[in-house]
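Encoded as structure tokens, the structure appears first; notes follow it.
The values are calculated or read from the model by the stated rules, or taken from the named source; none is laboratory data. The structure displayed is predicted, hence computed values, not measured ones. Positions of Cβ are generated from backbone atoms using ideal geometry, with glycine treated the same way; all protein chains shown enter the neighbour counts. The area values use the complete protein model at the heavy-atom level, side chains included, leaving out ligands, DNA and RNA. Shrake-Rupley method; radii C 1.70, N 1.55, O 1.52, S 1.80 Å.
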Amino acid sequence: MARYVDIHPDNPQPRLLEQVADALRDGALIAYPTDSGYALGCQLGNRDGRDRILRIRGLDEKHHFTLMCRDFSQLGQFVHVDNAAFRAIKAATPGPYTFILPATGEVPRRLMHPKKRTVGVRIPDHVLVHELLGVLGEPLLTSTLILPDEEEPRTLGWEIKEELDHQVDLVIEAGETPAQPTTVVDWSEGYPEVVRRGAGDPERFAA
């Protein structure tokens, strides 16, 4: 049965953030709000959490996982960013974008795309997530909470609690959440290719 934690969206209570971070360190899989709908998240080293995300979403091993990062310096530890990508990504973050880039050795191999050795990264424009990542001290392995046969991410914590009560360990409630997923930009070949149009303006990365 999932724990339900109601956290203030603008002034997250430090005590509750610590409780969520402790749960993540203990191997929890959480459902949490972002600036582009709800997402599933766990620690990078949580193999079971990774497998549970794939099962809940009905995805295969080729799924591009995303690392939810607190800031650009943290992002730079996990992906290779050339000068052109650096300037464009820095200008677009924080915001509802996911960037696919070549992974560094800091990323566990099972989290990379099996052939391309790439991984998604993003820096959200969301106070709660920013503060949680600060308490945790590392990125979250994450994936947008879009269930099989659905096209939009979930937006209501209580609804997720009812539906995924025995599939996740903790659900965070923090007010209103947009229903649009991130715009995904693949920069793995040295130039930007928009592979999913979402909440972020894709035109800034159009060829």
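For this structure, a couple of remarks:
- Measuring nothing but alpha carbons in segment 21-116 and taking Rh as the Kirkwood radius, the Rg to Rh ratio lands at 0.95.
- Projection of the Cα convex hull of segment 155-207, averaged over all directions and equal to a quarter of that hull's surface, yields 5.3 nm².
- Cα-Cα separations in segment 65-182 greater than 16 Å, expressed as whole percent: 65 percent
- Listed by chain and number, the aspartates and glutamates placed with their C-alpha closer than 16 angstrom to that of residue 161 are 6, 169, 173, 176; residues fewer than eight positions away on the same chain are left out.
- What a 1.4 Å probe finds exposed on the chain is 46% carbon and sulfur by accessible area, rounded to a whole percent.
- The residues of the chain present an accessible area of 46 Å² per residue when probed at 1.4 Å with all protein chains retained.
- Take every DSSP beta bridge whose two residues both sit in the chain; close to 60 percent of them are antiparallel.
- For segment 78-142, applying the loop criterion from DSSP together with a ceiling of 14 other beta carbons within 10 Å to the trypsin sites (Lys or Arg not before Pro) yields 115, 117.
- Sequence-distant contacts, meaning Cα pairs under 8 Å at least 6 residues apart, place the relative contact order of the chain at 33 percent.
- Loop-located chymotrypsin sites (Phe, Trp or Tyr not before Pro) in segment 32-116, at most 11 other Cβ atoms within 10 Å (DSSP): none
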